[in-house]
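Structure, as structure tokens:
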Amino acid sequence: MTRRCDSAIHPAPGISGDWRDSGRRRRGFTLVELLVVISIIALLIGLLLPTLAGARAAARQTGCLSDMRQMTLALVVYSNDYKESLPLPNWGPAAAAPGWLYGPGVDTAVCTPDDRKTGSLWNYLEHEGVYRCPSHQGPFEGTARMTSFIMNGAVNGYGRSPVPFRVSRFDAGSVILWDGNEQPEFGPPYNDGASFPHEIVPGHHGEAVTCASIGGATVTLNKADFFALRDAAGRNKFWCSPATPDGH
């Protein structure tokens, strides 16, 4: 007769009879431990959210600079096609001839995004997204329905010249486009496509303003640098009209 081995049935001496279940048992988290973990996660989220928000804002600002860069390239190509002449800046709501943003017949009070297709630069861009800063959110009024950007009225001497000046009359660093808001104290904002420098205030990038120069460079100016240029009494890269000695 075959004898059974007791060791196959009984645990070895000194080992508890519930040895088979001991490996399966796990101690769960206590309520205090769970609260600590949740607090740590909440703290990490609180630390990361401002960083993520800052990264998104920086990405939108980079996109804005890229759009303005394409605008300046379109201006360069346009001036090459028209013997160094810049496009009309749309100085005033009514356009007798196509300006950079819109052409004759466009009512800026009730204009639509499609009206920018009547402007001088549309054939060089043909991309609606280039006209809009990623940080510029609606609702939009006036010419802001067509674009976020405003041309420097120095292009036609702030209304003194019936025709735009040639590129060669400006320094390469002269600012031709801003991405900012217009102040209502100087008249209806976004009523046309151009402005004086002192009409512009920061608006789309916190206290900073993105700018594009005639030479094709784009730059973001902080609040102090922007207002120093905007409020200056003499000629600088904002006040750069060829029509007057002081650029105003």
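The values are calculated or read from the model by the stated rules, or taken from the named source; none is laboratory data. Everything numeric in this text was worked out from a predicted model, so none of it was measured. All Cβ positions, even for glycine, are placed from backbone atoms using ideal geometry, and neighbour counts span all protein chains on display.
Applying the condition of being polar (S, T, N, Q) and either buried (at least 19 other Cβ atoms within 10 Å of the Cβ) or touching a residue at least 40 places away in the same chain (Cβ under 8 Å) (or both) to the stretch 96-136 and asking which residue is nearest to V163 (Cα to Cα) yields S120.
Only a single item in (1) over 21 Å from N156 (Cβ atoms); (2) in contact with a Lys or Arg (Cβ under 9 Å, 6 or more places away or on another chain) is not met by K117, and it is number (2).
Checking D179 against (1) touching a residue at least 60 places away in the same chain (Cβ under 8 Å); (2) surrounded by fewer than 19 Cβ atoms within 10 Å (Cβ to Cβ); (3) under 21 Å from the mean Cα position of the chain (by Cα), which single condition isn't satisfied? If we test D179 against (1) touching a residue at least 60 places away in the same chain (Cβ under 8 Å); (2) surrounded by fewer than 19 Cβ atoms within 10 Å (Cβ to Cβ); (3) under 21 Å from the mean Cα position of the chain (by Cα), just (2) comes out false. Within the stretch 54-96, the set of residues being among the acidic types (D, E) and either part of a loop (DSSP other than H, G, I, E, B) or modelled with pLDDT under 95 (or both) comprises D67, E84.
Scanning the stretch 218-229 for residues that are closer than 27 Å to S161 by Cα and surrounded by 16 or more Cβ atoms within 10 Å (Cβ to Cβ), which turns out modelled with the lowest pLDDT?
Let us first name the residues in the stretch 218-229 that are closer than 27 Å to S161 by Cα, namely 218, 226-229.
Checking which are surrounded by 16 or more Cβ atoms within 10 Å (Cβ to Cβ) leaves us with 218, 226-227, 229.
Values: T218: 92, F226: 96, F227: 96, L229: 97.
Filtering the stretch 218-229 for residues that are closer than 27 Å to S161 by Cα and surrounded by 16 or more Cβ atoms within 10 Å (Cβ to Cβ), the one modelled with the lowest pLDDT comes out as T218.
All of G173, G215, G206, G187 fail the test of being surrounded by fewer than 18 Cβ atoms within 10 Å (Cβ to Cβ), out of contact with any Leu (no Cβ under 9 Å at 6 or more places or on another chain) and without any contact (Cβ under 8 Å) to a residue 40 or more places away in the chain, apart from G187. Of all residues in the stretch 111-134, those satisfying the criterion of being at pLDDT 95 or above and not in a helix (DSSP H, G or I) are C111, T112, G119, S120, L121.
A144 - would you say it is surrounded by fewer than 19 Cβ atoms within 10 Å (Cβ to Cβ) and either more than 19 Å from G63 (Cα to Cα) or not polar (S, T, N, Q) (or both)?
Answer is no for this residue.
Entry remark, the stretch 230-246: residues being buried (at least 18 other Cβ atoms within 10 Å of the Cβ) and within 21 Å of P202 (Cβ to Cβ) number 6 in total.
Condition check for P139 on (1) in contact with a Leu (Cβ under 8 Å, 6 or more places away or on another chain); (2) surrounded by fewer than 16 Cβ atoms within 10 Å (Cβ to Cβ): one failure, at (1).
Within the bounds of the stretch 151-164, is there any residue that is touching an Asp or Glu at 6+ places or on another chain (Cβ under 6 Å) and either touching a residue at least 60 places away in the same chain (Cβ under 8 Å) or crowded, with 20+ Cβ neighbours inside 10 Å (or both)? Please lay out each step first, then the result.
Of the stretch 151-164, the ones touching an Asp or Glu at 6+ places or on another chain (Cβ under 6 Å) are none.
Checking the stretch 151-164: not a single residue is touching an Asp or Glu at 6+ places or on another chain (Cβ under 6 Å) and either touching a residue at least 60 places away in the same chain (Cβ under 8 Å) or crowded, with 20+ Cβ neighbours inside 10 Å (or both).
Restricting to the stretch 67-95, name every residue that is in contact (Cβ under 8 Å) with a residue 60 or more places away in the chain and surrounded by fewer than 21 Cβ atoms within 10 Å (Cβ to Cβ). Outline the logic, then answer.
Kept after step one, since they are in contact (Cβ under 8 Å) with a residue 60 or more places away in the chain, are these residues of the stretch 67-95: 67-73, 75-76, 79, 83-93.
R69, Q70, T72, L73, V76, S79, K83, E84, S85, G92, P93 - these are the residues of the stretch 67-95 that are in contact (Cβ under 8 Å) with a residue 60 or more places away in the chain and surrounded by fewer than 21 Cβ atoms within 10 Å (Cβ to Cβ).
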